[in-house]
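Right, one structure below, let's go through it.
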Amino acid sequence: MAHATASLGPTAQGGRLSRPPRHRLVPTNVAALAAGVSEATIRKWVSRGKITRYGTPGRSEFDIEELTEIALRRRH
């Protein structure tokens, strides 16, 4: 019997990261609000590998679950 597992962040599948469900992806401005930082900080975190960027050229999207985890860690 197969078991479904929920993942809060991207997972490796065949060496590639799986894309989160569409309903979890948010644009940069919402990502910044969720994490309690500026949009510039979100872009800096992407360049440093702290968060994963999804989307297409010209449209960055971020996993709200990943951002929530980061925001909670920053408050402790």
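Every number here is computed from the coordinates shown, using simple stated rules; none is lab data. Predicted, not measured: the structure shown is a model, and the values here were computed from it.
Could you list which residues have their amide H under 5 Å from that of residue 51, counting only those 5 or more apart in sequence or on another chain, with H placed in the peptide plane?
Amide H neighbours of residue 51: 46.
Once phi is turned into θ = phi - 60°, what whole-Hz ³J(HN,Hα) does the Karplus curve with 6.51, -1.76 and 1.60 give for every residue of region 67-74, x standing for Gly and Pro?
5, 4, 4, 5, 4, 5, 5, 5
Mind grabbing the base-10 log of I(q)/I(0) for region 19-75 at q = 0.24, 0.26, 0.28, 0.31 Å⁻¹? Debye formula, identical points on the C-alpha positions, no solvent, two decimal places.
-0.94, -1.11, -1.28, -1.52
In percent, what relative contact order does region 19-75 have, based on Cα pairs under 8 Å that are 6 or more apart in sequence? Each step should come with its number before you reach the end.
Working: 60 pairs, mean separation 23.9, N = 57.
After rounding, I find 42 percent.
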